[in-house]
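Scroll down for the structure; my scribbles are underneath it.
The values are calculated or read from the model by the stated rules, or taken from the named source; none is laboratory data. Worth saying up front: this structure is predicted, and the values here are computed from it rather than measured. Cβ sites come from the backbone with ideal geometry, for glycine too, and all protein chains shown count toward neighbours.
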Ligand code: ADP
Ligand code: MG
C-alpha cells in the first residue's frame, strides 16, 4: 500500500552522490593516501613525497614529479567517473592502479582538496570543498602534481569520530606507503610528519633502487623490512598456466609471532586476500609450528583478464578466474624454494 504522503523519486545531486560514494573509497586518512600515491605512480612519478599531520586528520599532501594534469582538465579530474586511464570499454584489461575516476571527487567531498599541477609550460590550481569548486587559477610549480587534502571528514563528524588515535592513523599511513614502496622499488618514497607545522620530519625514506627487478626488490625489502629479513629471504620465481610468482620468502627460522610480515601483490597491487594468505600458510605448514607465521613478500602476475580487481572499491580483494592455480603456484613455488634451502643447508653441514 503506497502512502499518499510518498514523496516523488528524485535524482540526488552531484555533491550528495560524491559524499555517498566517498564512504566506500575513503574510510580513513590512509585510504586517501593510498589513492593519491597510486595516482602519482600511475602518472609515472620517479619520486613521491607524502606529508601528513595528526595522522592525516588535518593534512595529507602528496607531491609527485609525474606527468601532471593540463589546466583545462582539472575540473574533469574532480568529476565523477572521469578517468584518463581506460577508455571505458575494457574493464577487464586494467594496467593502472586507478580506473574508476572516483578518488579525487570523493576526496573533494570529504575534505578541503587542492590540486596544483603542471603539464607542459603552465601550472594551475583547482580547489574544492564540499559542493563548492573554485575556478581554475594559474599557479607556480616546477613539475608534477601536488594534491593536498585538509581536514578530512570535517563536514561529517560521525565519520571523524570513528577515526583512531593520531598515532594509529599515522601507523596506518606508514603501512600503506611502505606497501606501495615494495611494489615500486624503482620509485623513491618519502614520508614526512608535519604535525606542529613547518617542514616536519622524515619518518620513512626509500631512495629509488637500481639494477634488475630482483636486485631492486631485495634492496627495497631490506630498507623496509630490515637487513635481517633480506639476509634470510629466499628468492622465488615460478610460473604456471600464465601465472607467475616472484618475490622473497624468509626461511622458517625467521618466522614471526604474528602475520605482520606477509605482503601480497597481484599485478603490482597490494592485496589482502584470504585465499592467498591461506596458501602461504599451507606452504610452510611442514616447516612451522601453529603459533609461528611465515614472512614473505609475494608478487603474483597474470594477464589482467584472468583476475578481477573490480570486486571492491578500495580494491583490497581480487578474484581469480581459476583460484586453484594461484593457490597451487604459491604452495608449490614456496615448498620448492624451502626444500632447496633445506637441502643446501644439510649438504653444507655434511661437508
Ligand atoms: P582514476 O585514478 O581512477 O583515474 P582519480 O579520481 O584518482 O581517478 O583521478 C582522476 C584523473 O586525474 C586520473 O585519471 C588522472 O588523469 C588525473 N590525475 C589524478 N592524480 C594525478 C597525478 N598525481 N598526476 C597526474 N594526473 C593525475
Ligand atoms: Mg586514482
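Criterion first (away from ligand 1 (no atom under 13 Å from the Cβ), touching a residue at least 60 places away in the same chain (Cβ under 8 Å), assigned to a helix (DSSP H, G or I) and closer than 20 Å to residue 80 by Cα) does residue 24 satisfy it? Steps first, answer last, please.
On the way: away from ligand 1 (no atom under 13 Å from the Cβ): yes; touching a residue at least 60 places away in the same chain (Cβ under 8 Å): yes; assigned to a helix (DSSP H, G or I): yes; closer than 20 Å to residue 80 by Cα: yes.
Yes: the conditions hold for residue 24.
Being within 21 Å of residue 263 (Cα to Cα) and either crowded, with 20+ Cβ neighbours inside 10 Å or not assigned by TED's automatic domain parsing to the domain that holds residue 66 (or both) is the filter here; which residues of region 179-202 pass it?
First, pick out the residues of region 179-202 that are within 21 Å of residue 263 (Cα to Cα): 179-191.
Within region 179-202, 179, 180, 181, 182, 183, 184, 185, 187, 189, 191 qualify.
Determine, yes or no, whether residue 118 is more than 12 Å from ligand 1 (Cβ to nearest atom) and at pLDDT 95 or above.
no
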Residue by residue through region 96-118, note down the ones that are away from ligand 2 (no atom under 13 Å from the Cβ), in contact (Cβ under 8 Å) with a residue 40 or more places away in the chain and either in the same structural domain as residue 307 (by TED's automatic domain parsing) or closer than 14 Å to residue 43 by Cβ (or both).
117, 118
Go through (1) closer than 27 Å to residue 76 by Cα; (2) surrounded by 18 or more Cβ atoms within 10 Å (Cβ to Cβ); (3) modelled with pLDDT of 95 or more and name the single condition residue 166 misses.
(1)
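Taking region 1-21 only, how many residues are in a loop (DSSP other than H, G, I, E, B) and in contact (Cβ under 8 Å) with a residue 40 or more places away in the chain?
Residues in region 1-21 being in a loop (DSSP other than H, G, I, E, B) and in contact (Cβ under 8 Å) with a residue 40 or more places away in the chain: 1 in total.
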Criterion violated by residue 277 - all others in (1) farther than 26 Å from residue 20 by Cβ; (2) modelled with pLDDT under 90 satisfied
(2)
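Identify, from the list 108, 196, the residue that is within 16 Å of ligand 1 (Cβ to nearest atom) and not in a strand (DSSP E or B).
On the way: 196 fails: within 16 Å of ligand 1 (Cβ to nearest atom).
After ruling out the rest, the residue left standing is 108.
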How many residues of region 84-94 are at pLDDT below 75 and at negative phi? The answer is 7
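On the given criteria, is residue 73 under 30 Å from residue 303 (Cβ atoms) and within 9 Å of ligand 1 (Cβ to nearest atom)? Give the derivation first.
Details: under 30 Å from residue 303 (Cβ atoms): no; within 9 Å of ligand 1 (Cβ to nearest atom): yes.
Spelling it out, it is not the case that residue 73 is under 30 Å from residue 303 (Cβ atoms) and within 9 Å of ligand 1 (Cβ to nearest atom).
Matching residues to (1) more than 18 Å from residue 31 (Cα to Cα); (2) more than 9 Å from ligand 1 (Cβ to nearest atom):
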| residue | (1), (2) |
| --- | --- |
| 82 | yes, no |
| 96 | no, no |
| 133 | yes, yes |
| 141 | yes, yes |
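Within region 200-276, which strands (runs of 3 or more DSSP E) (wholly inside it) include 3 or more residues that are more than 14 Å from residue 179 (Cβ to Cβ)? Reasoning before the result, please.
Values: elements: 201-206, 233-240, 243-250, 262-266, 269-271.
Of the strands (runs of 3 or more DSSP E) lying wholly inside region 200-276, those with at least 3 residues that are more than 14 Å from residue 179 (Cβ to Cβ) span 201-206, 233-240, 243-250.
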For residue 44, state whether it is on the phi > 0 side of the Ramachandran plot, modelled with pLDDT of 95 or more and in contact with a strand residue (DSSP E or B) (Cβ under 6 Å, 6 or more places away or on another chain).
no
Within region 147-163, which residues are surrounded by fewer than 21 Cβ atoms within 10 Å (Cβ to Cβ), at pLDDT 95 or above and not in a loop (DSSP other than H, G, I, E, B)?
148, 150
Taking residue 100 as meeting all but one of (1) surrounded by fewer than 23 Cβ atoms within 10 Å (Cβ to Cβ); (2) within 11 Å of ligand 1 (Cβ to nearest atom); (3) at pLDDT 80 or above, write down the number of the exception.
(3)
If you go through region 235-253, how many residues are within 14 Å of residue 295 (Cα to Cα) and surrounded by fewer than 18 Cβ atoms within 10 Å (Cβ to Cβ)?
2
Please indicate, with yes or no, whether at least one residue in region 20-32 is in the same structural domain as residue 140 (by TED's automatic domain parsing), within 13 Å of ligand 2 (Cβ to nearest atom), in contact with a helix residue (DSSP H, G or I) (Cβ under 6 Å, 6 or more places away or on another chain) and within 26 Å of residue 306 (Cβ to Cβ).
yes
Could you check residue 50 against (1) assigned to a helix (DSSP H, G or I); (2) crowded, with 18+ Cβ neighbours inside 10 Å and say which number it fails?
(1)
